[in-house]
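Down below is the structure, laid out as structure tokens.
The values are calculated or read from the model by the stated rules, or taken from the named source; none is laboratory data. Values in this document were obtained by computation on a predicted structure and should not be read as measured data. Virtual Cβ from ideal backbone geometry, glycine too; neighbours counted across all protein chains shown.
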Amino acid sequence: MAAGLPEWFHPGPPGGWTADMLDHLPPGAPRHVELIDSSLLVWPPQTGFHLLAVDLLTFSLAPPGDLVVAREMTVTLGERQRPRPDVLLVDASAFTLAATTFQPADVHLAVEVASAESLELDRTTKPIKYAAAGIRHFWRVERQEDDRPVVHTFELEPATRTYVPTGVHRDRLRTYLGFPVDLDLDLTAVRRRPTPGR
């Protein structure tokens with residue numbers, strides 16, 4: 001058994017992990033878990049940059065009433081694929097209080113905020129899987145050397161089921177998701193926002 005991991009985690013169930021198993025992990029299992037190619041991935045605590053970038057997109061996207069923003073929920077792409085994008089734009093009809101995952105047909109946008117640990121997955125593996133599943137839009141957020149976010153936006157080319165780049169956004173994100181999007185990418189404004197309940 002790998003050091004620091006409980007027995008149920010490694011080597012895992014016979015035949016590998018499946019998407020439906022994520023809803024039945026033992027008590028005390030890490031909250032930030034996703035499934036890629038039948039392997040459970042557990043991520044370290046997020047950085048302040050990651051937190052603020054996710055908050056910025058969660059609270060600034062203003063979709064029409066038939067869409068809602070969800071954060072840190074999974075998308076079931078197949079029996080052995082259940083990644084957990086940082087931010088999702090999904091059909092309002094698919095978002096219920098009991099929902100733990102979404103189907104690709106319900107997802108209009110998947111956003112990954114990259115970190116040093118996830119960069120390869122966020123740049124290559126996940127976009128390939130999201131595109132193959134038919135998710136129309138994908139954004140990747142990265143941290144620049146000056147600590148500001150840069151957002152790479154992509155749209156699905158339906159004939160090839162691959163993403164084509166539609167822009168690189170540094171100070172302001174202007175694009176179209178079936179509705180116009182115009183976001184200020186200043187993280188300091190998010191830091192100043194009052195915390196709910198305080």
State whether the residues of the stretch 86-107 include one that is in contact (Cβ under 8 Å) with a residue 24 or more places away in the chain, closer than 20 Å to PRO30 by Cβ and acidic (Asp, Glu). yes
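Taking the stretch 123-167, which residues are polar (S, T, N, Q) and surrounded by fewer than 20 Cβ atoms within 10 Å (Cβ to Cβ)?
Result: THR124, THR125, GLN144, THR160, THR162, THR166.
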Step by step: first the residues of the stretch 79-122, then only those that are small (Gly, Ala, Ser) and surrounded by 15 or more Cβ atoms within 10 Å (Cβ to Cβ), then the one that is farthest from the chain's Cα centre (by Cα). Which residue is that? ALA94
Among the residues of the stretch 141-151, write down those that are basic (Lys, Arg) and assigned to a strand (DSSP E or B). ARG143
When the stretch 152-188 is checked residue by residue, the ones that are in contact with a helix residue (DSSP H, G or I) (Cβ under 9 Å, 6 or more places away or on another chain) and part of a loop (DSSP other than H, G, I, E, B) are THR160, ARG161, LEU185, ASP186
Across the stretch 51-73, what is the total count of residues that are crowded, with 18+ Cβ neighbours inside 10 Å and under 14 Å from LEU173 (Cβ atoms)? 4
If I filter the stretch 34-50 down to residues being over 29 Å from GLN144 (Cβ atoms) and touching a helix residue (DSSP H, G or I) at 6+ places or on another chain (Cβ under 9 Å), which single residue comes out as surrounded by the most Cβ atoms within 10 Å (Cβ to Cβ)? LEU35
What are the pairs with Cβ atoms under 6 angstrom where one residue, in the stretch 173-191, is closer than 16 Å to ARG148 by Cβ and the other, located anywhere, is polar (S, T, N, Q) and surrounded by 13 or more Cβ atoms within 10 Å (Cβ to Cβ)? Sequence gap at least six, or different chains. LEU183/SER60
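For (1) of a type outside the set (D, E, K, R); (2) closer than 18 Å to GLN46 by Cβ; (3) in contact with a Cys (Cβ under 8 Å, 6 or more places away or on another chain); (4) modelled with pLDDT of 95 or more, each residue gets a yes or a no:
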site: PHE102; (1), (2), (3), (4): yes, no, no, yes
site: VAL107; (1), (2), (3), (4): yes, no, no, yes
site: ALA114; (1), (2), (3), (4): yes, yes, no, no
site: SER118; (1), (2), (3), (4): yes, yes, no, no
site: LYS126; (1), (2), (3), (4): no, yes, no, yes
site: VAL151; (1), (2), (3), (4): yes, yes, no, yes
site: GLU155; (1), (2), (3), (4): no, no, no, yes
site: GLY178; (1), (2), (3), (4): yes, no, no, no
